[in-house]
Amino acid sequence: MLLCDFHIHTKYSDGSVDLRRTVDRFGQAGFDAIAITDHVVNGDNSIGKLAHRFRLSVTRDNFNEYAENIKHEAERAWDKYRMLVMPGVEISKNYLSSDKSAHILIIDIKDFIPACLNYEQIFLGAKQQGALIIACHPHHMSDMSRETLFLWNNRDKYAKYIDAWEIANRDDVFNVISLKKYPYIANSDFHRARHLYSWKTLLNCEKDIESIKQCIKHNKGVAITLFRN
Ligand code: ZN
Ligand code: ZN
C-alpha cells in the first residue's frame, strides 16, 4: 500500500520547515505520496488580517510562485525518492468562534481560490479544477484552540461536496466520522519536524495522482496507520 500524508505546511504559511527540507524529510522516511497544503486564510476579519500581515497565508500574489516551487520539488522528489508531491492548499476560514471556523484541504489545486468566498463557491471552484476536497480536523480536538466545527455542524448541507473527512489529524482521532460512515483519510497536519510521527493514510492503488484521487473518493482500499519513530 502507498504510505501517504495529504496535510503538510511549510514556511509558505505557518510551518517551521521550508518546502525543500520538508520534501526531503518525507522522502527519506519512505513516503509514496504527499500533498503540500499551506494555509490560504480569509482576510475579512481581524484574525485573518493578522495572518496576512505576518505572512502566514498563501495569497493571490504569491500563489503562482508557490505552485511553481511545488512543481519543481515534485520533479526532484520523483527522481530522488520515487515520491509523488501534489500541490494543495488549506482554505482556512478562521473566526473567534470554533463553531464558525472551518479548514478545507484542496488537493491537486491548479488555480488560486480565495478563502473569503462562500462555501459553495469554494467547493464548486475546487471541483471545476478536478481537485479533491477534504474536511480537516472536523470535530473536538486535544488542542481546543485549533478546533474548527463549522463543517461538522453543517454536515447535512455540505457533506455532498466533501470527498473525504479527516478521521485522524496528528494525534487526534474523530470517531464521529466512522459512526457517520463518511469517506476518510488521516493526516499529520505537519508544521514541525516532530509532526512526521502521527496518523497517516495507506492507499491500495497505483502511484499516480489520478489513481490516488479516485481511491480517496471511492474510499475503497483505504487504511490509516500511526507512523512512529
Ligand atoms: Zn487546519
Ligand atoms: Zn493544517
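Worth pointing out:
- Using Cβ point charges alone (K and R +1, D and E -1), the dipole size of the stretch 68-225 about the Cα centre works out to roughly 260 debye.
- Cα coordinate range in the stretch 1-107, projected on the principal axes (Å, largest first): 43, 28, 20
- Cα centroid separation - the stretch 178-229 against the stretch 119-152, whole Å: 16 Å
- Note on the chain: GNM, Cα springs under 10 Å; of 152, 78, 199, the largest mean-square fluctuation is that of 78.
- Taking label points 7 Å from Cα along the Cα-to-Cβ direction, residue 95 and residue 204 give a separation of 4.1 nm.
- By accessible area with a 1.4 Å probe, ligands and nucleic acids excluded, highest first: order of 56, 50: 50, 56
- Residue 44-residue 145 FRET efficiency (beta carbon distance; Förster radius 22 Å; 0.05 resolution): 0.60
- Pairwise FRET efficiency - residue 121 versus residue 71, Cβ, R0 = 22 Å, nearest 0.05: 0.30
- Quarter of Cα convex hull surface for the chain, i.e. mean projection, nm²: 11.0 nm²
- Residue pairs, from the table 110/200; 93/157; 100/220, whose Cα atoms sit over 27 Å apart: 100/220
The values are calculated or read from the model by the stated rules, or taken from the named source; none is laboratory data. Remember, predicted model here, so these are calculated numbers, not experimental data. Glycine gets a Cβ as well: all are built from the backbone with ideal geometry, and neighbour counts include every protein chain shown. What goes into the accessible areas is simple: the full protein's heavy atoms, side chains included, and nothing from ligands, DNA or RNA. Shrake-Rupley method; radii C 1.70, N 1.55, O 1.52, S 1.80 Å.
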